[in-house]
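The values are calculated or read from the model by the stated rules, or taken from the named source; none is laboratory data. The model shown is predicted, which means the values in this text are computed figures rather than measured ones. Positions of Cβ are generated from backbone atoms using ideal geometry, with glycine treated the same way; all protein chains shown enter the neighbour counts.
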Amino acid sequence: MGKWLRIAMAALLVASIFGLAGCASNGEQGAVTVSKAAARNGKLTCGVVVSGKLEALKSANVVPNMSGRVDKIPVDVGSEVAEGDLLVSLDALNLAALVDVYAAQLDKARNSDLPAQKNQMELALTNAESSYKTAEAEYQRSKQLLDAALLSQQQFEQSEKQYIQAKAAYQAAQNNLNILVNATIPETIRQNEAQLKKAQADLDNSVIKAPISGIVTARNINPGEMASPAQPVVTLVDLDTVVVQANVDENQVNDLQAGQEIKVKVAAVQEELFTGTVTNIAMAANSSTKAYPVKVQIKNPGHTLKPGMFAEVYLNSQEEEGVIIPGEALMKSENKSYVWLINSGQALKREVAAGQSDGNNVVINLGLNEGEEVAVTNLDLLSEGKPVIIQ
């Protein structure tokens, strides 16, 4: 008897276990898997949204003005530099030697005996001028004597010849002095100056400095390699101010003006909106997009905004404050709005008063409190009291 009693009790226990398992299985099969979101207090900016990508307002691809072997590169990707800082130095030993050679040649040419030659020419001109004046006076006197028949024709011609010779000598002395004065820096000196100027320019160009303040985003060469004007050695971007270019429809472009403040959202950085300034509005539409390119500058003191980030520009924006939930969580039926509240693993339908939407989120003005959780997916499968499984 005891044996059969034990067998019966064991069978009853097994049946109870399977019965409970069956109930649990049936409960799970009836549940709906949903994702959820918690309601939060905040501000929502609404309006027409156009998108674009951030760019640095100022950037520079730095190329050398001459070819040369790289000696030093004190910067790398991520380095912050100020305008005028050293980026790359090329091997300049030969260039420095050339500067010394041409400087010595120029100094030698400038210290030639030109001053002594000039003194000699000035003395020769003085003597020639004196002889010319004497010959001219004698020539005029001879003409008068010839006219008075007091001088023979032969004597007059001799006086005239001396006058012509003295005049020619005087003019030659003037020309020689003028040539020497104009040749104070003769051709050899000019050549030396040109050579020295070029050598000094090459030496200066061997030191490549930052044309703007910014951050190094690319370094395309290493010490020992050959640099040339055909390829940038370093790329710089100034992140203090970034710009986003958005394509604005013809219906909104006339609502904008240069200098106008405008809201910009960069979700990769923060949910809060940045304030930008409209700086440029195209006067003609893009032939491909049929929209008007508009540029908006944004101050970026912390350099959190990076070129290439996606940005949304809000046109005619308005702010509304309230409880915010994802737009997918809101359902409408018969001119009423409601959400599926998640409470103790069940879905509870609650009517709410909805405000503005930015296309992603919506403001709930009445019927929902901060921290309450709402279902976001599979809303059509829910019913009052329906069990839910959170995804």
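Side notes on the structure shown:
- Residue tally, condition in contact (Cβ under 8 Å) with a residue 60 or more places away in the chain, part of a strand (DSSP E or B) and surrounded by fewer than 17 Cβ atoms within 10 Å (Cβ to Cβ), over segment 298-311: 1
- Segment 30-62: number of residues that are under 30 Å from PRO307 (Cα atoms) and of a type in the set (Ser, Thr, Tyr): 3
- Within segment 330-356, the residues that satisfy the criterion of being surrounded by fewer than 15 Cβ atoms within 10 Å (Cβ to Cβ) and polar (S, T, N, Q) are SER333, ASN335, ASN343, SER344.
- Consider segment 105-120 and keep the residues that are small (Gly, Ala, Ser) and surrounded by 12 or more Cβ atoms within 10 Å (Cβ to Cβ). The one that is modelled with the lowest pLDDT is SER112.
- Residue that is farthest from VAL278 (Cα to Cα) [pool: residues in segment 206-252 that are part of a loop (DSSP other than H, G, I, E, B) and of a type in the set (Ser, Thr, Tyr)]: SER206
- So THR217, is it touching a residue at least 24 places away in the same chain (Cβ under 8 Å), within 28 Å of the chain's Cα centre (by Cα) and closer than 30 Å to LEU315 by Cβ: no
- Considering the conditions (1) in contact with a Ser or Thr (Cβ under 9 Å, 6 or more places away or on another chain); (2) modelled with pLDDT under 95, THR289 is excluded by exactly one of them, (1).
- Every residue from segment 124-139 that is surrounded by 12 or more Cβ atoms within 10 Å (Cβ to Cβ) and either hydrophobic (A, V, I, L, M, F, W, C) or more than 17 Å from ALA173 (Cβ to Cβ) (or both): ALA124, LEU125, ALA128, ALA135, GLU138, TYR139
- Number of the condition not met by GLU225 [criteria: (1) closer than 30 Å to LEU87 by Cβ; (2) among the acidic types (Asp, Glu); (3) not assigned by TED's automatic domain parsing to the domain that holds ARG69]: (3)
- Selection of segment 281-293 for residues being out of contact with any helix residue (DSSP H, G or I) (no Cβ under 7 Å at 6 or more places or on another chain) and part of a strand (DSSP E or B) yields only PRO293.
- Only residues that are under 15 Å from ASP91 (Cα atoms) and surrounded by fewer than 17 Cβ atoms within 10 Å (Cβ to Cβ) were counted across segment 217-234, and they come to 6.
- Every test in (1) buried (at least 17 other Cβ atoms within 10 Å of the Cβ); (2) not assigned by TED's automatic domain parsing to the domain that holds VAL216 is passed by LEU87 save one, and that test is (2).
- Within segment 358-375, restricting attention to residues that are surrounded by 15 or more Cβ atoms within 10 Å (Cβ to Cβ) and farther than 14 Å from TYR338 by Cβ, the residue that is modelled with the lowest pLDDT is ASP358.
- Residue match in segment 345-364 (condition: outside the structural domain of VAL242 (by TED's automatic domain parsing), polar (S, T, N, Q) and farther than 25 Å from VAL49 by Cβ): yes
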